[in-house]
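See below for the structure under consideration.
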Amino acid sequence: MDSETSNKIEETVLEILKSCNLDEVTELKIRKMASEKIGLELSDPTRKAFVRQVVEKFLAEEQTKAEANEEEEEEEEEEEDNKKKSSGAGDKEYDDDGDLIVCRLSHKRRVTITEFRGKTLVSIREYYNKDGKELPTAKGISLTAEQWATFKKNIPAVEKAIKKMESRA
């Protein structure tokens with residue numbers, strides 16, 4: 001296949017890919033649309049393989065862009081979190097036992113950083129009120145720093161699974 005033809009096919013296929021819903025279109029549909037648009041039969045093995053190569057290269061580039069965007073968003077979120085933490089450094093909240101309250105998930109649930117037997121723990125726990133004091137219940141979990149790091153590393157997978165489950169509903 002000459003370079004003029006391959007350039008024409010590549011430009012047409014890329015134009016189609018950029019304008020269509022990638023979740024709904026197939027390579028066959030792209031090849032047929034390109035064939036109609038440029039007036040060339042693209043079903044012979046050489047042209048078919050070339051179209052596949054253009055599609056795969058485009059999808060790989062889109063995946064790389066999406067991953068880069070996700071990383072940028074994560075970095076921006078981290079920067080925002082760090083700004084909030086540094087601007088409110090004196091605003092830290094501690095419970096009656098001196099444990100740092102990282103956040104309140106609801107009226108009864110919170111995330112705290114605590115020391116137990118010389119180990120730092122991240123606790124996600126329910127609390128109850130007794131005599132004006134908020135006390136922890138047995139309902140919850142405490143993670144060591146190592147367990148927290150493993151959990152944190154897998155948060156994107158959890159978020160992906162949540163989105164998948166919610167899209168089914």
Requested in this report: Starting from segment 1-25, keep only residues that are closer than 16 Å to K48 by Cα, then list their pairs with residues that are part of a helix (DSSP H, G or I) and of a type in the set (S, T, N, Q) whose Cβ atoms are within a distance under 7 Å, requiring at least 6 positions of separation or different chains.
Outcome: M1/T46
Query raised in the report: Taking segment 104-136, which residues are aromatic (F, W, Y) and open to solvent by less than 60 Å² (accessible area, probe 1.4 Å)?
Result: Y127
Report summary line: Expected output for segment 129-150 (first residue closer than 15 Å to T114 by Cβ, partner in a helix (DSSP H, G or I) and among the hydrophobic types (A, V, I, L, M, F, W, C), Cβ below 8 Å, 6+ apart or cross-chain) is L143/F151
Report summary line: Counted residues in segment 52-68 being open to solvent by 80 Å² or more (accessible area, probe 1.4 Å) and either in contact with a His (Cβ under 9 Å, 6 or more places away or on another chain) or of a type in the set (F, W, Y) (or both) come to 0
Query raised in the report: Does segment 58-69 contain at least one residue that is without any contact (Cβ under 8 Å) to a residue 24 or more places away in the chain, at negative phi and of a type in the set (S, T, Y)?
Result: yes
Report task. For residues that are of a type outside the set (A, V, I, L, M, F, W, C), within 16 Å of T46 (Cβ to Cβ) and part of a helix (DSSP H, G or I), scanning just segment 1-11, find the one that is most open to solvent (accessible area, probe 1.4 Å). Result -> E4
Query raised in the report: open to solvent by less than 100 Å² (accessible area, probe 1.4 Å), over 30 Å from E10 (Cα atoms) and free of Cβ contacts under 8 Å to residues at least 60 places away in the same chain: does that describe R47?
Result: no
Query raised in the report: Has segment 31-38 got at least one residue that is small (G, A, S), open to solvent by less than 30 Å² (accessible area, probe 1.4 Å) and touching a residue at least 24 places away in the same chain (Cβ under 8 Å)?
Result: yes
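The values are calculated or read from the model by the stated rules, or taken from the named source; none is laboratory data. These numbers were taken from a predicted model, which means no experiment stands behind them. No Cβ is skipped: glycine too gets one built from the backbone with ideal geometry, and neighbour counts run over all protein chains shown. Surface areas here come from the heavy atoms of the whole protein model, side chains and all, with no ligands, DNA or RNA. Shrake-Rupley method; radii C 1.70, N 1.55, O 1.52, S 1.80 Å.
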